[in-house]
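Take a look at the structure set out below.
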Amino acid sequence: MWNTVGSFDANWLLQGLWGLLSVFMVEMVRDMYHVASHLWQPLIQLHNWHHKAYRKDFTLVSEELYRKAHFYNDVPESIVMMTTMAAVALLTPLWGFWLGLLYGAGFLVAALLRSQGLFHTSDLTHEPGPLKTLPGLWFVNRTYHWRHHFDETTAYYAGYFTLSDKIMGTALSLKGKTVAVTGASGTLGRALIKRLAAQGAKPIALSRSADAVIEGAVKVIPWRTGQEQELKDVLSRVNILVINHGINVHGERSADAIAKSLEINALSAWRLMEVFLETVDNRWGPATKELWINTSEAEVNPAFSPLYETSKRLLGDLITLRRQDTPCVIRKLILGPFKSNLNPVGVMSADWVAGAIVSLAKRDIRNIIVTINPITYVTFPIKETMQAIYFKLFSDSIKKS
Ligand SMILES: [Zn+2]
Ligand SMILES: [Zn+2]
């Protein structure tokens, strides 16, 4: 008796899990169908109706286009989702998979009703109005999906779970983006600019010398620390700012060395961050702007240079604090030692590090760790999470106007 009841329950539980998995799978099918809808001509034609239906603020171009979009795009899409799940449920004895089919059927009904003008509620990812939140990290929200329509149609394919874009490296598109990089004539700055250019970005080099020759940069703008405010005009036209300049005084501990380390590594970077955040407009800013800051592995590990650690940790802490109210995504670059003029004994090559940074950013990783030290991969996320919670509890949020 007990056995029967026990196995009966366990079977339900198991099928329930398969059911949840089937919902996840059916969303992946939707995303693959979406990718195909941007590659294969017959599907491109059907899918185009969806792209034509919305204006830049997600208001409808016309009721007629909206209905056609649902009839020619959403209806076949949900039929493909249902058919795939029916095939999986039939080929496996796992009846939990029928839940995926049911889930797809829900979308089919909604699409049919919308195509006939019988159901008017817009779905969450296409609600009209300015963008108020950061792009979702694991789940697609309006800001995330807006970029598929108005930033780059060959990226941001995900419909519900962002995982498909993370796997394909389409969770951030660099194509056509203006990216300014400080410390551009340094080893990593140069490597990053080359990698960014290879992704179709338009890199601007911010460097102390105006006549520096930097491969891949569309422009070199002379700048030195202390002149952050002067960059405001330039930064208002920049999509992504990479704060990458820094100094390493190694074993020095004089007052002068302290002043230099704090000023260049922490205060100048913080001021530049604030100037850039002021340029994020409150309509499309959360979708079109990003800040990447190189705080280095010294945030959590020894760098055998006390003032480098002290100043980089201060910068790291200030970013964690400001991330609480940030109007755009702020990525930290947590890098281990790489071979450069400053560090001739580094193990990793700067080019490899730059390639890894770009690849992880395209997967929307917000704390980009690139190091050979396995401890950092454990300690950094713990430190960052705990500190963010602590800062949230003991600081007040900024009222947004
Ligand atoms: Zn859409
Ligand atoms: Zn599309």
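Read-outs: derived from the displayed coordinates by stated rules, not from any lab. In this text the structure is predicted, and so the values were computed from the model without any measurement. As a convention, Cβ positions derive from the backbone with ideal geometry for all residues, glycine included, and neighbour counts pool all protein chains shown.
Peptides 195-204, 84-93 ordered by packing proxy, namely the average of other Cβ atoms within 10 Å per residue, highest first: 195-204, 84-93. Under 5 Å between amide hydrogens, built in the peptide plane, is the criterion, and for GLU290 it picks out ILE240, LEU241 among residues at least 5 positions away or on other chains. Counting only GluC sites (Glu not before Pro) that sit in a DSSP loop (anything but H, G, I, E, B) with at most 15 other Cβ atoms within 10 Å, what is the longest stretch of the chain containing none of them? The segment 1-214 is the longest one with no such site. A full extension of the chain between GLU215 and PHE394 corresponds to an added length of 59.9 nm, given 0.36 nm per residue minus the alpha carbon distance.
Just need the relative contact order of the chain here, percent rounded to a whole number, with Cα pairs under 8 Å and 6+ apart. Before the final figure, lay out each step's value.
On the way: 675 pairs, mean separation 50.1, N = 401.
The normalised contact order for the chain reaches 12 percent.
Compute the angle between helix 41-52 and the longest alpha-carbon principal axis of the chain, please, reported from 0 to 90 degrees and rounded to the nearest 10. Taking the Cα atoms of the chain, the angle to 41-52 is about 70 degrees.
Per-residue ellipticity at 222 nm for the chain, helices alone: DSSP H runs ≥ 4 residues times -39500 (n - 2.57), over residue total, nearest 500 deg cm²/dmol? Mind dumping the intermediate values first?
Numbers: 15 runs with 192 residues, N = 401.
So the helix-based figure for the chain works out to -15000 deg cm²/dmol.
Bridgeable lysines around LYS383 (alpha carbons under 29 Å apart, same-chain partners fewer than 8 residues away excluded): LYS132, LYS166, LYS260, LYS289, LYS312, LYS332, LYS339, LYS362, LYS392, LYS399, LYS400.
Please find the FRET efficiency linking ALA86 to GLU63, where r is the Cβ-Cβ separation and R0 is fixed at 25 Å, and quote it to the nearest 0.05. All intermediate terms of the calculation are to be shown ahead of the outcome.
Details: r = 33 Å, r/R0 = 1.31.
Using R0 = 25 Å, I get an efficiency of 0.15.
Loop-located chymotrypsin sites (Phe, Trp or Tyr not before Pro) across region 254-345 with a Cβ neighbour count of 16 or fewer within 10 Å are PHE304, with loop assigned by DSSP. Annotation: amide H-H contacts under 5 Å for SER185 (H modelled 1.01 Å from N, sequence separation of 5 or more, or interchain): ARG208. Determine the sum of side-chain charges near VAL213: Lys and Arg each +1, Asp and Glu each -1, restricted to other residues whose C-beta is under 15 angstrom from that of VAL213. It works out to a net charge of +2.
Counting every C-alpha pair in region 2-130, the share spaced more than 24 angstrom apart comes to 40%. Taking the centroid of alpha carbons for each part, region 324-401 and region 50-92 are 38 Å apart.
Kindly put SER236, SER78 in sequence by how many other C-beta atoms sit within 10 Å of each C-beta, fewest to most.
Working: SER236 14, SER78 24.
In order of increasing Cβ crowding within 10 Å: SER236, SER78.
Can you check what the net charge comes to around TRP138, using other residues whose Cβ is under 10 Å from the Cβ of TRP138 (Lys, Arg +1; Asp, Glu -1)?
Numbers: positive: LYS166; negative: ASP364.
Residues near TRP138 contribute 0 overall.
Backbone amide hydrogens, once placed in the peptide plane, bring MET348 within less than 5 Å of LYS339, excluding anything fewer than 5 places away on its chain.
Counting other Cβ atoms within 10 Å, which chymotrypsin sites (Phe, Trp or Tyr not before Pro) in region 76-119 have at most 14 and lie in a DSSP loop? For chymotrypsin sites (Phe, Trp or Tyr not before Pro) across region 76-119 that sit outside H, G, I, E and B with at most 14 neighbouring Cβ atoms in 10 Å, the list reads PHE119. Distance from the alpha carbon centroid of region 232-260 to that of region 180-219 works out to 16 angstrom. Fewest-first ordering of VAL140, VAL353, VAL347, VAL234 by other beta carbons within 10 Å of each residue's beta carbon gives VAL347, VAL234, VAL140, VAL353. Of all DSSP bridge pairs formed entirely within the chain, close to 5 percent run antiparallel.
Computed from phi, the 3J(HN,Hα) profile of region 136-145 under the Karplus parametrisation 6.51, -1.76, 1.60 (θ = phi - 60°) reads x, 7, 10, 10, 6, 10, 4, 4, 4, 6 Hz, with x in place of Gly and Pro.
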